[in-house]
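Colleague: Structure below; questions to follow.
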Amino acid sequence: MIPVLGLIIGIVLGVVLDVSVPPALESYLPIAVVAALDALIGAGRATLEGVFDDRVFVVSFISNVLLATLIVFVGNQLGVGAQLSTAVIVVLGIRIFTNAAAVRRLLLGA
Amino acid sequence: MLLTLVALALAGLLIAVLVVSGRERAASVSSERSSLVALAQQAREEASALEERVVELDAEVSRLRDAALGAETVGSELATQIGTLGVTAGTEPVQGPGAKVVVSDGETEVSGAEESLSRVLDIDLQQVVNGLWASGAESVAINGQRIGALTAIRSVQEVILVNYTPVVSPYEVLAIGDPRTLPTDFLRSSGGRWLQAVNLSSGIRFTIDSVSSRSVLPAQPVGALRYARPVPADEREDAQ
C-alpha cells in the first residue's frame, strides 16, 4: 500500500508543481524515467519473491538513474549521444521485460 | 521505509514531469503549426486583395486614357490603335473561336530517379506557345494566364510560372485564331512536332481540339516598360 502511495504522491507533485525541465537536461529525462521504471519493476519482483530490501532498492534506484544519465552524458560529449541512449534504453528494456516476466510468473503462475 | 517512499515519490515525479513536458512540447508544436497556417492564409488573402486592386487600377487607367484621348479624330484614332495593339500585346481581354491544346504530366514512374521524366517542363509549354503563334494564333493563354508582351514561361524548381503565377498540370493552352486551320497547322508546326517527340520519349500526354464556341482570354497588364538609354557624354569617363 505504501509504495503505491509514494508513487501517487510523486505523480501528483509532478503535475501540481509544474516542474519545467531545463532544455539542457531534456534529453536525459526519458533515460532517467526508463531507469526508474526498471528499478520499480525490479522492486516489484523482489517483493513478490520475498527478498525486498529497502536499502538495496533505494541505492539501486538512485545509482541506476544516475548511471544511465551519466552514460548518455558521456555519449553526448563524444558525439554519439543518440546511439548510446538507444543502447541504454535497449538494455533497460530487456531488464524490464525479464523482470516483468518474472512478476507475471509469480502472480499468475504462467 | 521512508527512504523507499521518497525513492518511489521521486520515480513518480520523474514520470509525471516527462509526461507533462511531452504534452507541452506537442502543444507548442501544434500551436506553431497553426500560427504558420494562419500566416499563409493571411498572405493568400493579401495577395488576392492586391490582385483585385490591380484589376481596379487597370480599369481606371483605361478609363482615364479614354477620357484624355477625348472624342476628337486624332484621339479616337489613337484609341482604336491602342485597342488593336492591345490584342497583340495582351493588354486587352479578347474573345473568339480558336484551338485548345491540353498538355498533362504522364504517369509517374515508381522509382525516384525516373519520376521527373514524365513531367511537363517549361520548355514544352514554350514550344507549344511558339508553335501556336507560328500557326496563326492571335492570342494565347495558359490556364487563364494570358501570354503578353512581357510574359515569361519558366520553371522555378518543380513549378512552372506563367506571369509569375504558378500553373499546374493539366496545362490548358487556349489560342484564338481560325478554328478550321489552327489545330492542323499547329500539329505540323515546331510546337506540334515537339509535343509528339516528348510524348514518345517521356510519356507526356496532349490533346489538340478546335474550339468553335467563343472563349474569353483575360488581359495581362504590363508594368513599367524599361528601355536602354545611352549614357550622356559627360558621365562616360569610366567607360573608356
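Colleague: Post the alpha-carbon centroid distance, the range B:134-202 to the range B:58-108, in whole angstrom.
Modeller: Result: 19 Å between the Cα centres.
Colleague: Report, as an integer, the average count of C-beta atoms from other chains found within 10 Å of each Cβ along A:30-38.
Modeller: Details: counts 4, 0, 6, 7, 2, 2, 9, 3, 0.
Mean partner shielding for this stretch: 4.
Colleague: Same structure, new question: Over chain A, what relative contact order in percent results from Cα pairs under 8 Å that are six or more residues apart? Working shown, then result.
Modeller: Working: 70 pairs, mean separation 34.5, N = 110.
Reported relative contact order: 31 percent.
Colleague: Related question: Is the shape of the range A:1-63 best called rounded, prolate or oblate, per the rule: a/c under 1.5 gives rounded, else a/b larger than b/c gives prolate, else oblate, with a ≥ b ≥ c the square roots of the Cα gyration tensor eigenvalues? All intermediate terms of the calculation are to be shown ahead of the outcome.
Modeller: On the way: a/c = 2.94, a/b = 1.62, b/c = 1.82.
Oblate.
Colleague: Next question, about the same structure. Could you give the nm distance between label points at B:A68 and A:V15, where each point is 7 Å from its Cα heading toward the beta carbon?
Modeller: In this crude label model, B:A68 to A:V15 measures out at 7.3 nm.
Colleague: Let me ask you something else. Quick one: which residues, 5 or more positions from B:S155 or on another chain, have an amide H under 5 Å from its amide H? H modelled 1.01 Å from N in the peptide plane, none for Pro or chain starts.
Modeller: Hits under the 5 Å cutoff: B:D122, B:L161.
Colleague: Quickly rank B:27-33, B:13-19 as a protection proxy: mean count of other C-beta atoms within 10 Å, highest first. Intermediate results must be reported in sequence, preceding the final value.
Modeller: On the way: B:27-33: 10.0, B:13-19: 20.3.
In decreasing order of mean packing, B:27-33, B:13-19 become B:13-19, B:27-33.
Colleague: Taking the alpha-carbon centroid of each part, what is the distance from the range A:1-30 to the range A:51-90 in angstrom?
Modeller: 17 Å
Colleague: If you don't mind, another one. Using a Förster radius of 56 Å, what is the FRET efficiency between B:S48 and A:V4 based on their Cβ-Cβ separation? Nearest 0.05, please. Please list the in-between numbers first.
Modeller: Details: r = 61 Å, r/R0 = 1.08.
So the FRET efficiency works out to roughly 0.40.
Colleague: Let me know the longest stretch in chain B that avoids all chymotrypsin sites (Phe, Trp or Tyr not before Pro) found in a DSSP loop with at most 12 other C-beta atoms within 10 Å.
Modeller: Values: sites that count: B:Y164, B:Y227.
After excluding every exposed loop site, the longest remaining stretch is B:1-163.
Colleague: Here's another thing I want to ask about it. Run the numbers on the range B:83-213 and let me know its relative contact order in percent, using alpha-carbon pairs under 8 Å that are six or more apart. Write down the numbers at each step before the final one.
Modeller: Numbers: 242 pairs, mean separation 52.4, N = 131.
Here the relative contact order equals 40 percent.
Colleague: Rounded, prolate or oblate for the range B:195-240? Axes are the square roots of the Cα gyration tensor eigenvalues, ordered a ≥ b ≥ c, and the cut-off for rounded is a/c under 1.5. Walk me through the numbers on the way to the answer.
Modeller: Numbers: a/c = 6.61, a/b = 2.13, b/c = 3.10.
Since a/c reaches 1.5 but b/c is at least a/b, the shape of the range B:195-240 is classed as oblate.
Colleague: Identify the residues of the range B:133-148 with backbone N under 18 Å of a label point that sits 7 angstrom from the Cα of B:V102 along the Cα-to-Cβ direction, or state none.
Modeller: Once the point is set 7 Å along Cα→Cβ of B:V102, B:141-145 turn out to lie under 18 Å by backbone N, inside the range B:133-148.
Colleague: Along the positive direction of the dipole of chain A (beta-carbon charges: Lys, Arg +1; Asp, Glu -1; about the Cα centre), which of A:L5, A:V59, A:A46 reaches farthest?
Modeller: A:A46
Colleague: While we're on this one: If each of A:V90 and A:E26 carries a label point 7 Å out from its Cα toward its Cβ, how far apart are those two points in nm?
Modeller: Inter-label distance under the simple model: 2.6 nm.
Here, each number is a calculation from the coordinates, and none is a lab measurement. If you're wondering where the values come from, they're calculated on a predicted model, not measured in any experiment. For neighbour counting, all protein chains shown are included, and Cβ atoms are generated from backbone atoms with ideal geometry for every residue, glycine included.
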